[in-house]
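J.: Let me begin by handing over the structure; questions about it come next.
The values are calculated or read from the model by the stated rules, or taken from the named source; none is laboratory data. All figures in this text were calculated on a predicted structure; none of them were measured in a lab. So basically every Cβ, Gly included, is an ideal-geometry build from the backbone, and we count neighbours across all protein chains shown.
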Amino acid sequence: MILPRSFYDRPTLDVARELVGKVLVHRTRGVVTSGRIVEVEAYIGESDPACHAAPGRTRRNAPLYGAPGFAYVYLNYGIHHLVNAVTEPVDHPAAVLIRALEPVDGLRAMRRRRHLPAKGRRRTEGVAIPDVDLCKGPGNLTQALGIHLIHGGLDLCDSPLFIEDVGGDAPTLSWGPRIGIRVGTDRLWRAWIAGHPSVSAARQSSSGRSVLSLNA
DNA sequence: CGTTCGATGCACT
DNA sequence: GTGCATCGAACGT
């Protein structure tokens, strides 16, 4: 079942917690690619310095202020597309960033897209990407699923891009600081499936940093 | 193993 | 002109 708008129209941390284990699906030209969400981050409100709404409403972040259940896609570092699910009622700017998936459907298409020369790169390496790494990291998963800026603003409740509840037990979550940001690292708003091989690793500037983990 | 660095495009000041 | 919610190649150990 496709998650209804009411799922997204709730406190963002609740949505983030429950998105883990759901399946993100993208249908394109008869090709279906999908993956089980194994890692997310919450970005909540203008008071969150890492949220794109921190500077107030702009043309770029307008979707965050809009209705819940829509996709917020943007390009960062000039290379990577990142996909979020907008949460909370209108005028409450917040979203959940999808950071990693366990590949489910369309692995062949994922491999093809991932091995395409990445934007800004001469070519991808000849070594095959392990299946478990195809959607590891927010930039990699959008490439694998073929999600681009065009898909920003799509209705996750009624479009070729959607999130499904496929049943099964709720996974055991770990929570820790969001990664890849320079502000707002005090908030433990990153959630992932403990020990899952498709969860992205933080790039640390110093070695041996341990991540604080809390069971949900 | 570990860390550093450049690519790249867009929104915003 | 500046700064990024990244990635992987290229180093150093």
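J.: Which residues, counting only those in region A:6-62, are of a type in the set (Lys, Arg), away from DNA strand B (no atom under 16 Å from the Cβ) and over 18 Å from the mean Cα position of the chain (by Cα)? Even if it seems obvious, please write down each step before you answer.
T.: Looking only at region A:6-62, we keep the residues that are of a type in the set (Lys, Arg), and these are A:10, A:17, A:22, A:27, A:29, A:36, A:57, A:59-60.
Narrowing further to those that are away from DNA strand B (no atom under 16 Å from the Cβ): A:10, A:17, A:22, A:27, A:29, A:36.
Of everything in region A:6-62, just one residue is of a type in the set (Lys, Arg), away from DNA strand B (no atom under 16 Å from the Cβ) and over 18 Å from the mean Cα position of the chain (by Cα), namely A:Arg29.
J.: Anything in region A:28-54 that is assigned to a loop (DSSP other than H, G, I, E, B) and either modelled with pLDDT of 95 or more or surrounded by 15 or more Cβ atoms within 10 Å (Cβ to Cβ) (or both)? List them, or say none. Show your work before the answer.
T.: Within region A:28-54, the first condition is being assigned to a loop (DSSP other than H, G, I, E, B), and the residues that meet it are A:29-30, A:45-54.
Residues satisfying the conditions are A:Gly45, A:Glu46, A:Ser47, A:Asp48, A:Pro49, A:Ala50, A:Cys51, A:His52, A:Ala53, A:Ala54.
J.: Let me ask something else. Hey, which of the strands (runs of 3 or more DSSP E) in region A:135-216, taking only ones fully inside, have at least 3 residues that are at pLDDT 95 or above and farther than 21 Å from A:Ala109 by Cβ?
T.: Fully inside region A:135-216 and qualifying: A:173-176, A:190-193.
J.: Additional query: Report yes if A:Asn76 is within 14 Å of DNA strand B (Cβ to nearest atom), of a type outside the set (Phe, Trp, Tyr), more than 21 Å from A:Ser174 (Cα to Cα) and surrounded by 15 or more Cβ atoms within 10 Å (Cβ to Cβ), otherwise no.
T.: Here the answer is no, as A:Asn76 does not meet what is asked.
J.: If you go through region A:29-56, how many residues are on the phi < 0 side of the Ramachandran plot and either out of contact with any helix residue (DSSP H, G or I) (no Cβ under 9 Å at 6 or more places or on another chain) or among the aliphatic types (A, V, I, L, M) (or both)?
T.: 16
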